[in-house]
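The values are calculated or read from the model by the stated rules, or taken from the named source; none is laboratory data. The model shown is predicted, which means the values in this text are computed figures rather than measured ones. Positions of Cβ are generated from backbone atoms using ideal geometry, with glycine treated the same way; all protein chains shown enter the neighbour counts.
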Amino acid sequence: MFSAKKGLVLSFLVLFCISLVDGQSRRNIRGVSDEGSTIISVIASRADGESKPIKLENLYLYENGIEQKIKNFAYDPSPARILIMIDNSQTIRPDVEKLQKAVMEFAYEIFEGDQLYVIAFDEKPEIIQEWTDDAKKMESSLALLRKKGNPYLFDALSAGVNEVLFPLMPGTRKTVVVLISDGLDRGSKTSYELVLNELQNNNITLYALQIPDRTGGAYRRNQPKAAQVITDLTEGTGGKIFPFEEAQTAAKFICDELRKNRYLLSYSPLDASSYDARRVFLVADQGISIRTKSAQPPNIKP
């Protein structure tokens, strides 16, 4: 799926090695058991900023309106793997320099152990930078950015999930996409619904730096309007939207949130068919802010 100016074979060897290492070192996180459970990623914090622990008895989980028994709820201290996906199609509004600057904000904000991977897409996704925490290396790689072609957004997202993030699992659970786009897709073979299901199925949170809609809100046949795509992908995966112009604020918020407020919740679904999508609704006691994905897709595996 990827066209790359770097050796693709080397890329996948690196990914395979990372998958093996992470699988050995972080396969089990204390307080959360994989056996017979469904595990979801949760962002939780106290509105008043207090450090008092958030416990499972503070939370209430529902699937299709049926309350579920939460088995475990534990803070996830593991490093984050952040896949940044940049729409660099010909008609995207920001110039290349602004796109480069937005990506660099994340290179400055990540914590020790966190790593970034950058893909730019038009008709094809292209690897700009493989996993790194080196800001200088990132800055040099971003010189590859250029604008051309149409945005095959859904194809690119699907490739990113399946070829970059999925090989890290199950050892790495803190996987994130940061999408820099206005949400427009022109030409993908992959459907919008499939992409959302892939993100939800793999507990991948999507954050967005939303670029103003180049279509002016035009109706899109057989798929949501561009701005609605951004809303659905972020809300459906427990992420957040930030204006593209506030990239520095967004990078700091996202990296802080992943390091300080990311939890894993496990439960065994009651009266739920694995062949049907199940709506997920998670609420918390007053004073606790909480987000997670909005649904479990069909045939989901723990």
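Scan segment 242-281 for residues that are at pLDDT 95 or above, of a type outside the set (S, T, Y) and surrounded by 14 or more Cβ atoms within 10 Å (Cβ to Cβ) and report the count.
21
With the structure loaded, tell me whether L233 is within 21 Å of I110 (Cβ to Cβ), in contact (Cβ under 8 Å) with a residue 12 or more places away in the chain, crowded, with 24+ Cβ neighbours inside 10 Å and among the hydrophobic types (A, V, I, L, M, F, W, C) or whether it fails that test.
No, not satisfied.
Restricting attention to segment 234-269, report how many residues are hydroxyl-bearing (S, T, Y), out of contact with any Lys or Arg (no Cβ under 8 Å at 6 or more places or on another chain) and assigned to a strand (DSSP E or B). Break it down into steps so the answer makes sense when it comes.
Of all residues in segment 234-269, those hydroxyl-bearing (S, T, Y) come to 234, 237, 249, 263, 266-268.
Adding the requirement that they be out of contact with any Lys or Arg (no Cβ under 8 Å at 6 or more places or on another chain) leaves 249, 263.
In the following step, the residues that additionally are assigned to a strand (DSSP E or B) were identified as 263.
Of the residues in that region, 1 qualify.
Show the residue pairs that are 6+ apart or on different chains and have beta-carbon atoms under 9 Å apart, the first residue being within segment 97-114 and over 20 Å from R146 (Cβ atoms) and modelled with pLDDT of 95 or more, the second being of a type in the set (S, T, Y) and crowded, with 19+ Cβ neighbours inside 10 Å.
As it stands, the answer is G113/S78, since those pairs meet every condition given.
Looking only at segment 53-105, count how many residues are aliphatic (A, V, I, L, M), outside any strand (DSSP E or B) and either surrounded by fewer than 19 Cβ atoms within 10 Å (Cβ to Cβ) or in contact with a Ser or Thr (Cβ under 6 Å, 6 or more places away or on another chain) (or both).
3
Could you tell me which of the residues I204, I211 is of a type in the set (A, V, I, L, M), surrounded by 18 or more Cβ atoms within 10 Å (Cβ to Cβ) and over 24 Å from N150 (Cβ atoms)?
Unique residue meeting the criteria: I204.
Does segment 2-15 contain at least one residue that is at pLDDT below 95, part of a strand (DSSP E or B) and loosely packed, with under 14 Cβ neighbours inside 10 Å? Break it down into steps so the answer makes sense when it comes.
If we filter segment 2-15 for residues that are at pLDDT below 95, which is where we start, we get 2-15.
Pick out the ones that are also part of a strand (DSSP E or B) and you get 3-4.
From the residues that got through so far, the ones that are loosely packed, with under 14 Cβ neighbours inside 10 Å too are 3.
Scanning segment 2-15 turns up at least one residue that is at pLDDT below 95, part of a strand (DSSP E or B) and loosely packed, with under 14 Cβ neighbours inside 10 Å.
Condition first: assigned to a helix (DSSP H, G or I) and over 23 Å from G236 (Cβ atoms). Now tell me which residues in segment 128-166 satisfy that.
Of everything in segment 128-166, those that are assigned to a helix (DSSP H, G or I) and over 23 Å from G236 (Cβ atoms) turn out to be A135, K136, K137, M138, E139, S140, S141, L142, A143, L144.
What are the pairs, 6+ residues apart or on separate chains, where a residue within segment 164-189 that is free of Cβ contacts under 8 Å to residues at least 24 places away in the same chain has its Cβ under 9 Å from a residue that is surrounded by fewer than 22 Cβ atoms within 10 Å (Cβ to Cβ)?
Qualifying pairs under 9 Å: none.
Counting only residues that are under 25 Å from E257 (Cα atoms) and touching a helix residue (DSSP H, G or I) at 6+ places or on another chain (Cβ under 9 Å), how many does segment 143-162 have?
Going through segment 143-162 one residue at a time, the tally reaches 4.
For segment 167-196: of the residues being assigned to a loop (DSSP other than H, G, I, E, B) and among the hydrophobic types (A, V, I, L, M, F, W, C), which is modelled with the highest pLDDT?
L184
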